[in-house]
Amino acid sequence: MLLASIALSITRTKPRLTTEEERVFKFDAIPGSGIASSMLVKAQLQLWLASGKSADDVFSKMKLKSVEGNALANPKFQVWLKCVDDFNQKNPREAKPAATALTSQYGDDKYGNAWLSRILDAGMEDEHTKAIALKLHAQRLESWKDKNTPALDVFDFLRLSEHNLLTSPLLTPWLKYAKEFHGRNPDKMSLMITLSIGLGH
């Protein structure tokens, strides 16, 4: 009920949206306002998504790209992820994985710095955010599957050569991806050759 009232209040003051956005995202600076701030942020995000703004747009509005450290542990980042999931469940025809927006924000290619992979790697090192990081990695793998991205490229995107491969939680998902990729593309290099090249052998 309280969340609905907050959302209605924001809707009624739509002409001053920019001012209200600033209030929402500065509200947590007030002592003792953590819970209320979280509800305000969630209400604002739900309105943005419901009004047709993409998860990518909302991410930019929240200035989440400037978050330092383990971004996945940031409360506003987690609220954004939850709202994207809620929106996708309620609007399956318009659903887009959170990882798609994150890729748009950070970029990810084997010739660059693979910033998204670095962020998710940091998330995997924290037991509190490891599950979130693996979920986002799974979404990326599905996206690469849809694009039929070569297994060797995915190996590079995931920065697997920079991990202790045998203990990496990404090894099993990558092997599954590679096996399925070669099943769809039998003319491509074998799994063992792909793995050997990926490791620089």
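From the list 191, 134, the one residue that fits, being without any contact (Cβ under 8 Å) to a residue 60 or more places away in the chain, of a type outside the set (Phe, Trp, Tyr) and out of contact with any Lys or Arg (no Cβ under 7 Å at 6 or more places or on another chain), is 134. Hey, among the residues in segment 65-114 that are within 11 Å of residue 55 (Cα to Cα) and among the polar types (S, T, N, Q), which one's modelled with the highest pLDDT? The qualifying residue modelled with the highest pLDDT is 100. Under the condition of being surrounded by fewer than 14 Cβ atoms within 10 Å (Cβ to Cβ) and either more than 28 Å from the chain's Cα centre (by Cα) or under 19 Å from residue 157 (Cα atoms) (or both), the residues counted in segment 184-196 number 7. With respect to the conditions (1) free of Cβ contacts under 8 Å to residues at least 24 places away in the same chain; (2) surrounded by 13 or more Cβ atoms within 10 Å (Cβ to Cβ); (3) in contact with a helix residue (DSSP H, G or I) (Cβ under 8 Å, 6 or more places away or on another chain), residue 139 lacks only one, and its number is (1). Name every residue in segment 148-201 that is closer than 15 Å to residue 121 by Cα, out of contact with any Leu (no Cβ under 8 Å at 6 or more places or on another chain) and in a loop (DSSP other than H, G, I, E, B), in order of residue number. Those that are closer than 15 Å to residue 121 by Cα, out of contact with any Leu (no Cβ under 8 Å at 6 or more places or on another chain) and in a loop (DSSP other than H, G, I, E, B): 159, 164.
Being crowded, with 16+ Cβ neighbours inside 10 Å, in contact (Cβ under 8 Å) with a residue 60 or more places away in the chain and out of contact with any strand residue (DSSP E or B) (no Cβ under 8 Å at 6 or more places or on another chain) is a property that residue 119 lacks.
The values are calculated or read from the model by the stated rules, or taken from the named source; none is laboratory data. A quick note: this is a predicted structure, and the numbers were derived from the prediction, not measured. We place every Cβ from the backbone using ideal geometry, glycine too, and count neighbours over all the protein chains shown.
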